[in-house]
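The values are calculated or read from the model by the stated rules, or taken from the named source; none is laboratory data. Everything quoted here is computed from the prediction, not taken from an experiment. Note that each Cβ is placed from the backbone with ideal geometry, even for glycine, and that neighbours are counted across all protein chains shown. To get the accessible areas, we keep the full protein, side chains included, count just its heavy atoms, and leave off ligands, DNA and RNA. Shrake-Rupley method; radii C 1.70, N 1.55, O 1.52, S 1.80 Å.
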Amino acid sequence: ATWPGIEVEVTRPFVARGSGSWLACSKGEILHLVCGKEDLAYCVAHCRLERSAGWLPADCLDLIQAEHAPEFEVHLPDPGPGCNANLGLACQSRLPGLVPGLLVVDVLPDSAASEWNSVMRSIWSGRSQ
């Protein structure tokens with residue numbers, strides 16, 4: 001299974017703090033940031049042979065300085081028949097790579113993506129989505 005989130009890079013090594021759902025990682029490792037709470041971040045090590053996930057200090061992470069824009073993954077459920085919801089993503093072009101993607105340049109008002117952004121802003125106050 002994959003998780004919605006954004007790719008981040010580990011800026012310093014982290015060793016698990018005893019028992020619990022900790023994710024030990026090495027400097028330079030690429031992780032998938034799923035969520036955060038206080039000073040912790042829950043990440044998936046999606047580039048490892050054996051995918052693992054867990055918590056680590058948020059100050060161990062930084063956004064990847066991508067050539068075009070940070071990469072992120074979003075899961076969109078099928079709303080079912082009869083739904084006329086507009087996704088609302090304006091895309092400029094298809095980006096090449098191992099996993100092809102789209103360069104999102106705008107989120108249209110009154111769309112599913114706009115509504116999702118509003119909910120995320122209320123949960124993660126002070127952050128730009």
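Brief remarks follow.
- Within segment 12-39, the set of residues being open to solvent by 40 Å² or more (accessible area, probe 1.4 Å) and touching a helix residue (DSSP H, G or I) at 6+ places or on another chain (Cβ under 6 Å) comprises Arg12, Asp39.
- If you go through segment 1-24 and keep only what is among the small types (Gly, Ala, Ser) and within 28 Å of Ala113 (Cβ to Cβ), you end up with Ala1, Gly5.
- Boolean, Ala66 is open to solvent by less than 60 Å² (accessible area, probe 1.4 Å), under 14 Å from Glu7 (Cα atoms) and at pLDDT below 65: yes
- Residue within segment 43-52 that is aliphatic (A, V, I, L, M), modelled with pLDDT of 90 or more and either loosely packed, with under 15 Cβ neighbours inside 10 Å or more than 12 Å from the chain's Cα centre (by Cα) (or both) present: no
- Looking across segment 25-54, the residues that are without any contact (Cβ under 8 Å) to a residue 12 or more places away in the chain and over 25 Å from Asn117 (Cα atoms) come down to Arg48, Leu49, Glu50, Arg51.
- A Cβ distance below 9 Å, combined with a sequence gap of six or more or placement on separate chains, defines the contacts here; from segment 95-124, residues that are modelled with pLDDT of 75 or more reach residues that are open to solvent by less than 70 Å² (accessible area, probe 1.4 Å) and polar (S, T, N, Q) in the pairs Val107/Ser114; Val107/Asn117; Leu108/Ser114.
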